[in-house]
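Engineer: A single structure is presented below for examination.
The values are calculated or read from the model by the stated rules, or taken from the named source; none is laboratory data. As the structure is a computational prediction, the values presented were derived from the model and not from experiment. Cβ sites come from the backbone with ideal geometry, for glycine too, and all protein chains shown count toward neighbours. In case anyone asks, the SASA skips ligands and DNA or RNA and just uses the protein heavy atoms, side chains included. Shrake-Rupley method; radii C 1.70, N 1.55, O 1.52, S 1.80 Å.
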Amino acid sequence: MAARILIIEDEALVAMELRFVLEDLGHEVVGTAVDSDSALRLARAHDVDLALVDIHLSDGPTGMTLGRALAQTLGITVLFVTANPGMVREGVAGAIGVLSKPVDERAVQSAVAYALGRRAGRPSEVRPPDLRLFG
């Protein structure tokens, strides 16, 4: 199932790698944002199914607040992808879970498939091994 995905990541190489993986899987990357303001602009301008959100962006540790806004206000499914998974230990309202960086192609593929399945109302009973789920 192809989806429209927003990458919110301020490290250019990580964002580029995620884009390549997602496009190879047949998804459309609607854009890449490096901070909260540009992420919100892109999210409002496009019909986004899923956002991959880093915790620390170029405007500071704003990813958790941003993820909550994307999920609760705009109805976007959110997966955190961060080197600091302990920062979201308690979870974030509206977000599915967190992948720890560095991530490989297989981890991204399985986590994205899981998140999109849940979004479509087809939750998998099998949790991807690299994805820590919230709630």
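Engineer: Which percent of the accessible heavy-atom area of the range 1-131 goes to carbon and sulfur, probe 1.4 angstrom?
Structural biologist: Solvent-exposed carbon and sulfur of the range 1-131 make up 50 percent of the total.
Engineer: With a 1.4 Å probe and every protein chain left in place, work out the accessible area per residue of the chain in Å², rounded to a whole number.
Structural biologist: Computed with neighbouring chains in place, this is 49 Å² per residue.
Engineer: Shifting gears a bit: Okay, helix-only estimate at 222 nm for the chain: each DSSP H run of n ≥ 4 adds -39500 (n - 2.57), divide by all residues, round to 500 deg cm²/dmol; what do you get?
Structural biologist: Helix contribution divided over all residues of the chain: -11500 deg cm²/dmol.
Engineer: Also, I was wondering about something else. Quick one: which of 117-127, 59-69 comes out on top by average Cβ neighbours within 10 Å, and what's the full order, highest first?
Structural biologist: 59-69, 117-127
Engineer: What Rg and what Dmax come out for the chain when only alpha-carbon atoms are used, in angstroms?
Structural biologist: 13.0, 37
Engineer: Would you mind putting 99-106, 71-78 in packing order, based on average other-beta-carbon counts within 10 Å, highest first?
Structural biologist: 71-78, 99-106
Engineer: Here's a follow-up. Over the Cα atoms of the range 1-67, what Rg and Dmax result, in angstrom?
Structural biologist: Using the Cα atoms of the range 1-67, the pair Rg, Dmax is 11.1, 33 Å.
Engineer: Right, something else. When the chain is fully extended, how far beyond the present Cα-Cα distance does Ala45 get from Gln72, taking 0.36 nm per residue of separation?
Structural biologist: Length gained between Ala45 and Gln72: 8.0 nm.
Engineer: Quick check: the distance between the Cα centres of the range 91-135 and the range 15-39, to the nearest angstrom?
Structural biologist: The two parts, judged by their Cα centres, are 16 Å apart.
Engineer: Okay, moving on. When the chain is modelled as a GNM with alpha-carbon springs shorter than 10 Å, which of Ala51, Ala107, Ala33 fluctuates the most?
Structural biologist: Comparing Ala51, Ala107, Ala33 in a Gaussian network model of the chain, the most mobile one is Ala107.
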